[in-house]
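Data first, discussion second: the structure below is written as structure tokens.
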Amino acid sequence: MAEKYGFDSVWVPDHLIEDGAFVDPWSIMAVISTQTKRALLCTGVTDTQRCHPAKTAQSVATVDELSHGRAGLGIGAGEAMNIVPFGIPWDEDPRNRAQRLREAIEVIKLLWRSSKEKTVSYEGKFFQLKNAWLTQHPAQKPRPPVYVGALSSTRLLELTGEIGDGWYSWLVTPETYIKRRKKIKRAAERVGRKLEDIDTVATIYTGFTDDPKVQKELINSVKMEILMCDYTGLKSFGVKLPLPERYTYQYVLVTERYLQNIAETAKQIPEEIFRKYAAIGSADDCIDFIESFVKVGAKHISICDVMVDMKGLSGVEETLKTYGSRIIPYFREQSRK
């Protein structure tokens, strides 16, 4: 349906624990690849702890061949919620997590261009290769794009500028987006790259409804996400809320014990601040919201539709139709001017 109504990309989450139904992204993208012809298929995003980069490289290459060159890899430093409950060691040092991500990306890129005749070796702090190769190769040349998932971490934003093909953001405002994009730009320039060569993605939340009551309920639900995912951004707007670090997205395990505290704290976020993070309302509201990101350099808009079982809220197909009939054509026309 997304491809039918004009979307250019589909992003599939890669989580074990989260509030909602989550599936294995590589299986899902493999199926999607056989029933679509145009859309980029990408994880939003996977991590480096649950799977060795060799396996990740193989999975992406497989989907890339099945889709005739339409796979991408969204990859980040990971979250404790997907690590700790399963007995996988979680490194508390963010410098180590950033280094592990850098090495994983370097290993994946090496393996994509390896062969039995051209083996590759790598010696890192976390990953090593010795005369390794993959038989499964991606269809894209030179390789599938790698999007670095980064919220507000300076280390990860700089990593994006240094070796990423794209930046996959999450719950940003125009103000925080431009500040973080500048960090990517500075890092890219330090290593002789240009920001124009990096696909900067703005991931935005939307929900179509004219019902004030439904709007309020949606706003309260998204406020929780904002509080967990962009506590740093909220503080930059002067919003000071008592939230221990381990309640933030990097650490939180989705249990009732945590959710109740977060829900009550999130209600204190002023609505005028919330409106910087999400478009809840009409298609025109959404157009205005997206335009605010285009003006600060977003090249690629990723839509996270606020899907909750709530009377008065647009369903999936109706939402996609609205984008396909009103919003996507508007921006395609603007891009031609």
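Of note, Thr135 satisfies the criterion of being out of contact with any Asp or Glu (no Cβ under 9 Å at 6 or more places or on another chain) and assigned to a loop (DSSP other than H, G, I, E, B).
Residues in the range 24-58 that are assigned to a helix (DSSP H, G or I) and farther than 21 Å from Phe7 by Cβ: Pro53, Ala54, Lys55, Thr56, Ala57, Gln58. Taking the criterion of being part of a helix (DSSP H, G or I), buried (at least 16 other Cβ atoms within 10 Å of the Cβ) and not hydroxyl-bearing (Ser, Thr, Tyr), the only residue of the range 168-177 that qualifies is Pro174. For the residues Phe86, Phe126, the requirement of being within 15 Å of Thr48 (Cα to Cα) and either surrounded by 14 or more Cβ atoms within 10 Å (Cβ to Cβ) or under 20 Å from the mean Cα position of the chain (by Cα) (or both) singles out Phe126. Here Asp165 clears all of (1) farther than 21 Å from Thr232 by Cβ; (2) in contact with an Asp or Glu (Cβ under 7 Å, 6 or more places away or on another chain); (3) surrounded by 19 or more Cβ atoms within 10 Å (Cβ to Cβ) except the condition numbered (3). Of Ala98, Ala71, Ala54, all but one fail to be touching a residue at least 24 places away in the same chain (Cβ under 8 Å), in contact with a Pro (Cβ under 7 Å, 6 or more places away or on another chain) and either among the small types (Gly, Ala, Ser) or surrounded by fewer than 19 Cβ atoms within 10 Å (Cβ to Cβ) (or both); the exception is Ala71. Assess whether Glu245 counts as being at pLDDT 60 or above and acidic (Asp, Glu). No, not satisfied. For the range 39-51, the set of residues classified as crowded, with 23+ Cβ neighbours inside 10 Å and of a type in the set (S, T, N, Q) consists of Thr43, Thr46, Thr48, listed by residue number. Is there a residue being outside any strand (DSSP E or B), closer than 18 Å to Cys286 by Cβ and either hydrophobic (A, V, I, L, M, F, W, C) or out of contact with any helix residue (DSSP H, G or I) (no Cβ under 7 Å at 6 or more places or on another chain) (or both) anywhere in the range 188-211? Yes, the range 188-211 contains a residue that is outside any strand (DSSP E or B), closer than 18 Å to Cys286 by Cβ and either hydrophobic (A, V, I, L, M, F, W, C) or out of contact with any helix residue (DSSP H, G or I) (no Cβ under 7 Å at 6 or more places or on another chain) (or both). Residues in the range 267-283 that are touching a residue at least 40 places away in the same chain (Cβ under 8 Å) and loosely packed, with under 15 Cβ neighbours inside 10 Å: Lys267, Glu271, Ser282. Within the range 216-233, does at least one residue satisfy the condition of being modelled with pLDDT under 90, outside any helix (DSSP H, G or I) and exposed (fewer than 13 other Cβ atoms within 10 Å of the Cβ)? Within the range 216-233, none of the residues are modelled with pLDDT under 90, outside any helix (DSSP H, G or I) and exposed (fewer than 13 other Cβ atoms within 10 Å of the Cβ). Checking every residue in the range 149-160 against the condition of being in contact with a helix residue (DSSP H, G or I) (Cβ under 7 Å, 6 or more places away or on another chain), over 23 Å from Val10 (Cα atoms), modelled with pLDDT under 95 and surrounded by fewer than 18 Cβ atoms within 10 Å (Cβ to Cβ) gives zero matches. The lone criterion from (1) without any contact (Cβ under 8 Å) to a residue 24 or more places away in the chain; (2) among the acidic types (Asp, Glu); (3) surrounded by 16 or more Cβ atoms within 10 Å (Cβ to Cβ) left unmet by Asp24 is number (3). Filtered by the rule that a residue be within 11 Å of Ser169 (Cβ to Cβ), outside any loop (DSSP other than H, G, I, E, B) and either modelled with pLDDT under 90 or not polar (S, T, N, Q) (or both), the range 291-303 gives Phe293, His300, Ile301. When Leu101 is tested against (1) at pLDDT below 95; (2) in a helix (DSSP H, G or I), exactly one condition is not met: (1).
Taken over the range 59-75, the criterion of being in a helix (DSSP H, G or I) and polar (S, T, N, Q) is satisfied by Ser59, Thr62. Here Ala187 clears all of (1) touching an Asp or Glu at 6+ places or on another chain (Cβ under 7 Å); (2) touching a residue at least 60 places away in the same chain (Cβ under 8 Å) except the condition numbered (2).
When the residues of the range 187-214 are filtered to those that are within 27 Å of Asn261 (Cα to Cα) and crowded, with 17+ Cβ neighbours inside 10 Å, the one that is modelled with the lowest pLDDT is Val214. Considering the conditions (1) more than 26 Å from Leu171 (Cβ to Cβ); (2) surrounded by fewer than 23 Cβ atoms within 10 Å (Cβ to Cβ); (3) not charged (D, E, K, R), Pro13 is excluded by exactly one of them, (1).
The values are calculated or read from the model by the stated rules, or taken from the named source; none is laboratory data. Since the model is a prediction, treat every value here as computed from it, not as a measurement. Methodologically, a virtual Cβ is constructed for each residue, glycine included, from the backbone with ideal geometry; neighbour enumeration extends over all protein chains shown.
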